[in-house]
Amino acid sequence: MANLSPVMLSMEPETSKLGILRKSVQLANGASRPFLIAGPCSAETPAQLELTLNGLLPLAPDLIRAGIWKPRTRPNRFEGVGEEGLKWVREMTLERNLRLAVEVAQPPQAEAALKFGVDVVWIGARTTVNPFLVDELGKVLAGSPLPVMVKNPINPDLELWLGAVERLEALGLRELALVHRGFSPFERSPYRNMPQWEIPIELRRRRPDLPMYCDPSHITGDARLVPEFAQIALDLCYDGWMLEVHHDPSRAWSDPNQQLTPDQLAVTLNGLKLRKTDFQDLSNLEDLMQLRREVDQLDHDLLTLLSQRLQLSHRLGEIKKEFDLPILQPRRWEQILNTRTSAGQAMGLDASFLIKWLQIMHQESIRRQLEVYRPDSVQAPK
Ligand code: PEP
Ligand code: MN
């Protein structure tokens, strides 16, 4: 992704902080690129910040991120430089004409962010889960409206994420963006946080007006995987990235495994392939249009089959009821799972996809049969 520099980052004294969070950044050559938020997981010392910011300057980040108050999973770890540190972090970013975003998790932190003229704040994953706290933060921030980025909650709950946005909007905050940082895994998993792409995709469908940024650092937890995920974000039409960058990641006081050096970030950005997002042109791609017509037809056929399949479930329910049989026949269900999974795999379908699909279909089949058993009262488990 060559020539990343934006036309100009206006750094005149700002009366309002609004107008910072964008869906894309205009480049001098008329093209545009995604919004780039970069900076250390935590501000540690002026020396660390100086080296990191100086390394980032040539990449023209649109916003610097720096954690000032750090929510740590375990106690007795570095918990951030706090309000005293915010003073020098603000000075050092202003000296370099860089905009600054910090995380706020409690009202006094939001007050300090306003006091020191921070440009943008974000609400972290551990705070988005708590509607009381989101309201309290919103009340402080709405006092002199700041742009706010809302990270997804740690649990995969789209409504809770959207709910946090709606709370802030109701309090009068007008410039909001979403940051997808993945969801805490329940079991050992290949990533620090599971992407569960379907959640940000659905949220984006519901709120296309909000910029959606991807945080590959917190999703992967591994600097080696960050470039791949930064590209996935482009392929999935994200509006930008939040990336953790440290001049010497292995010595970072928090999240040492997932931070890139400024040089690694430069290499990453150069290696990215921007996709065409002008969908007007697609009608000229006859092959693609033909395939889409075939997909439309197959989806229609699948819906017809699904409807027929579930009508059979209803009739099965009627017969089981007549003969006083239980709805769930565990051995039959086991057999369905096994036979369909192996048949599907032989057709090139993924086993975990097949299991998920069979479970959903089985659940709906049971719901239909419960309707037959208790036509007046049924609210089957969903
Ligand atoms: C962070 O951005 O440093 C952070 C703590 O993120 P999250 O809220 O996504 O865990
Ligand atoms: Mn971090």
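The values are calculated or read from the model by the stated rules, or taken from the named source; none is laboratory data. Just so we're clear, the structure is a prediction, and the values are computed from it rather than from any experiment. Cβ coordinates were reconstructed from backbone atoms using ideal geometry, including for glycine residues, and neighbour counts include every protein chain displayed. These accessible areas exclude ligands, DNA and RNA; they are computed on the full protein's heavy atoms, side chains included. Shrake-Rupley method; radii C 1.70, N 1.55, O 1.52, S 1.80 Å.
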Top-ranked residue of the range 252-267 - restricted to ones that are within 10 Å of ligand 2 (Cβ to nearest atom) and surrounded by 21 or more Cβ atoms within 10 Å (Cβ to Cβ), ranked as nearest to residue 191 (Cα to Cα): 258
Hey, among the residues in the range 256-278 that are of a type in the set (Ser, Thr, Tyr) and assigned to a loop (DSSP other than H, G, I, E, B), which one's modelled with the lowest pLDDT? 277
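Okay, residues lined up against (1) open to solvent by 10 Å² or more (accessible area, probe 1.4 Å); (2) over 20 Å from the mean Cα position of the chain (by Cα):
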{"residue": "32", "(1), (2)": "yes, yes"}
{"residue": "37", "(1), (2)": "no, no"}
{"residue": "44", "(1), (2)": "yes, yes"}
{"residue": "51", "(1), (2)": "yes, yes"}
{"residue": "54", "(1), (2)": "yes, yes"}
{"residue": "58", "(1), (2)": "yes, yes"}
{"residue": "63", "(1), (2)": "no, no"}
{"residue": "66", "(1), (2)": "no, no"}
{"residue": "71", "(1), (2)": "yes, no"}
Can you pull out every residue in the range 90-126 that is among the acidic types (Asp, Glu) and either within 16 Å of ligand 2 (Cβ to nearest atom) or modelled with pLDDT under 95 (or both)? 103
Options 213, 238; residue that is within 13 Å of ligand 1 (Cβ to nearest atom), aromatic (Phe, Trp, Tyr) and closer than 27 Å to residue 165 by Cα: 213
Selection from the range 136-178 of residues buried (at least 17 other Cβ atoms within 10 Å of the Cβ), out of contact with any helix residue (DSSP H, G or I) (no Cβ under 9 Å at 6 or more places or on another chain) and closer than 18 Å to residue 115 by Cβ yields 147
Within the range 216-235, can you find the residues that are within 16 Å of ligand 2 (Cβ to nearest atom) and open to solvent by 40 Å² or more (accessible area, probe 1.4 Å)? 225
Within the range 182-200, the count of residues that are of a type in the set (A, V, I, L, M, F, W, C) and open to solvent by 90 Å² or more (accessible area, probe 1.4 Å) comes to 1
Of all residues in the range 244-276, which are small (Gly, Ala, Ser) and without any contact (Cβ under 8 Å) to a residue 24 or more places away in the chain? 250
Restricting the search to the range 109-126, which residues are of a type outside the set (A, V, I, L, M), more than 19 Å from the chain's Cα centre (by Cα) and either farther than 15 Å from residue 138 by Cβ or buried (at least 20 other Cβ atoms within 10 Å of the Cβ) (or both)? 109, 115, 116, 117, 119
State all residues of the range 228-255 that are assigned to a strand (DSSP E or B), among the charged types (D, E, K, R) and under 12 Å from residue 55 (Cβ atoms); if no residue qualifies, say none. none
Does residue 100 satisfy the condition of being over 16 Å from residue 254 (Cβ atoms) and open to solvent by less than 70 Å² (accessible area, probe 1.4 Å)? yes
